[in-house]
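So that we are looking at the same thing, I have put the structure below in structure tokens.
The values are calculated or read from the model by the stated rules, or taken from the named source; none is laboratory data. Small disclaimer: the values here were computed from a predicted structure and weren't measured. Every residue, glycine as well, gets a Cβ built from its backbone with ideal geometry; the counts of neighbours run over all protein chains shown. We work out accessible area using only protein heavy atoms, side chains counted, and drop any ligands, DNA or RNA first. Shrake-Rupley method; radii C 1.70, N 1.55, O 1.52, S 1.80 Å.
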Amino acid sequence: MAKLERPLRRGWTTGTCAAAAAKAAYAALVTGEFPDPVEVTLPRGERPSFALAITRKDETSATAGVIKDAGDDPDVTHGALVCATVRAGAPGGGVTFRAGEGVGTVTRPGLPVAPGEPAINPVPRRMIHDAIAEIAAAAGRAADAQIDVEVEISIPGGAALAAKTLNGRLGIVGGLSILGTTGIVVPYSCSAWIHSIHSGIDVARAAGLAHIAGATGASSEAGAQKLYGLPEIALIDMGDFVGGMLKYLRRHPVPRVTIAGGVAKMAKLAQGLTDLHSRRGEVDLAALADLARAAGGGAELRQRIVTANTAAEAFTHARAEGIALGDKVAQAARATASRVVAGRDIAIEILLFDRDQNLVGRAPFEDCKD
């Protein structure tokens, strides 16, 4: 493959695109003209400008749309059209928000906005409010005068895109969320995934759950759910980000946390890695061999594990000799996880599953509180 020499290009959040579209639509409602390109102020003070993809105006409303550019990040919303329709609101209501086509509605407590509200997060709401206030001030409205408008955000095709996200599990129905804290998408930062992990924990806590399960993938998640009969909102799709999940749990604890994964991912956790992606490190077969020896394996088994091609092959060798390698890996992985949440009233359990969802290793719940 050709080496990518240029720096990765940053992009814009759905919140930034929504703010730009809302600013342009409100300007057209006030002045009759759509500013194109339109500038918005980001939370850190940057002032990017955006070309308008669509404009539409009638006697009571104005609509503008911006194409979401996620830069070089593999964002599901890249290329989506983010639209804002602005119309007069109820007197005294201020700036209010409405979910249009493709934008979800919150149905469960624990998220940054209340159930029944459009899934437009607080920072994008503030950006939209500030963008509208900027236009109002330029049109001569007094700084302390209240602006009563309804802002409807829509993303055509957003419901289909949302099916590729975790919104359904979080109780966000009907479409996508309008997100962003800085307004900028950093390529491969996986910020949307981390946000989903945090939101999933918040929803579980708000529902009063005392036990959640974070899994590296679908097979281990299904195995953990079958073992305990956990409800869907107790399942956290943590992927490779076990460290990100545990750090958030340290600040927002849940009494019982099951961490479930395949043998290779859990072997990495046992090594002390909390980011389990392949770019962060490989399985240390020598360390795996030492754990097998601690479980009762001999020198010949150690050599076969050290020279194995994969962690799965190493486990096959251990199983053939009746060595409970999975339990030793789980215990070491639990020790790594427990260090992250040490001092908090959280009990950690580790489950290892093979590709057929067979439980091949387990370290039962152990309290991390000193």
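In bins 10 Å wide, starting from 0, what share of all Cα pairs of the stretch 53-198 does each bin hold, as a percent?
11, 39, 35, 14, 1
Determine the relative contact order of the chain: mean sequence separation of Cα pairs under 8 Å and six or more apart, normalised by residue count, in whole percent.
14
Something else about it: Which value, in debye to the nearest 20, gives the size of the charge dipole of the stretch 17-77 about its Cα centre, when Lys and Arg are +1 and Asp and Glu are -1 at the Cβ?
Value, rounded to 20: 180 debye.
Cα centroid distance between the stretch 295-370 and the stretch 1-68, in Å?
Rounded to whole Å, the Cα centres lie 50 Å apart.
Show me 202-213, 165-176 ranked by packing, highest mean number of other Cβ atoms within 10 Å first.
Sorting 202-213, 165-176 by mean packing, highest first, produces 165-176, 202-213.
What distance in nm separates the two pseudo spin-label positions at residue 114 and residue 181, each 7 Å out from Cα along the beta-carbon direction?
Calculated label separation equals 2.4 nm.
Expressed as a rounded percentage, what relative contact order does the stretch 72-149 have, with Cα pairs under 8 Å and six or more residues apart?
35 percent.
Give me the net charge for the shell around residue 46: Cβ to Cβ below 12 angstrom, other residues only, Lys and Arg +1, Asp and Glu -1.
Here the count lands on +2.
Express the carbon and sulfur contribution to the solvent-accessible surface of the stretch 292-370 as a percent, rounded to the nearest whole number, probe 1.4 angstrom.
The value for the stretch 292-370 is 43 percent carbon and sulfur by accessible area.
Excluding residue 92 itself, what net charge comes from residues whose Cβ is under 15 Å from its Cβ, given Lys and Arg +1 and Asp and Glu -1?
Result for the local shell: -3.
Put +1 on the Cβ of every Lys and Arg and -1 on every Asp and Glu Cβ in the stretch 134-274; which of 248, 182, 167 then has its Cα farthest towards the positive end of the dipole?
Going by the Cα projections, it comes out as 248.
When the Kirkwood hydrodynamic radius is evaluated over all pairs of different C-alpha atoms of the chain, what value in angstrom, to one decimal, is obtained?
22.8
Relative contact order for the stretch 143-232: what is it in percent, counting Cα pairs under 8 Å that are at least 6 residues apart?
18
How long is the gain from residue 366 to residue 150 if the chain were fully straight, where each residue apart is worth 0.36 nm and the alpha carbon distance is subtracted?
Taking residue 366 through residue 150 to full extension adds about 72.6 nm, to one decimal.
Over the Cα atoms, compute the radius of gyration (one decimal) and Dmax (the largest Cα-Cα distance, rounded to a whole number) for the stretch 288-365, in Å.
Reported Rg and Dmax, both Å: 13.5, 42.
Output ³J(HN,Hα) for the stretch 163-174: one whole-Hz value per residue in order, computed from phi by the Karplus curve 6.51 cos²θ - 1.76 cosθ + 1.60 with θ = phi - 60°, and x for Gly and Pro.
Computed from phi, the couplings for the stretch 163-174 are 5, 8, 10, 9, 4, x, 5, 7, x, 9, 10, x Hz.
Residues in the stretch 139-162, backbone N under 16 Å from the label point at residue 56 (7 Å along the Cα-to-beta-carbon vector): list them, ranges by number please.
Taking a point 7 Å out along Cα→Cβ of residue 56, the residues of the stretch 139-162 whose backbone N falls under 16 Å are 151-158.
Working from Cα positions, state the angle (0 to 90°, nearest 10) between the long axis of helix 242-251 and the longest principal axis of the chain.
70
Suppose all protein chains stay in the model; what accessible area per residue would a 1.4 Å probe give for the stretch 1-123, in Å²?
49
Then there is this: So how long is each side of the stretch 181-339 along the principal axes, counting just the alpha-carbon atoms, biggest first, in Å?
54, 36, 26
Among 368, 312, 325, whose Cα lies farthest out toward the positive end of the dipole of the stretch 312-370, if unit charges sit on the beta carbon of Lys, Arg (+1) and Asp, Glu (-1)?
Of the candidates, 368 comes out farthest on the positive side.
What share of the DSSP beta bridges in the chain is antiparallel, in percent to the nearest 5?
Within the chain, antiparallel bridges account for around 60 percent of the total.
Also, quick follow-up: Is it possible to state the helix-based mean residue ellipticity at 222 nm for the chain, with each DSSP H run of 4+ residues giving -39500 (n - 2.57), the sum divided by total residues, to the nearest 500 deg cm²/dmol? What is it?
Rounded to the nearest 500, it is -11000 deg cm²/dmol.
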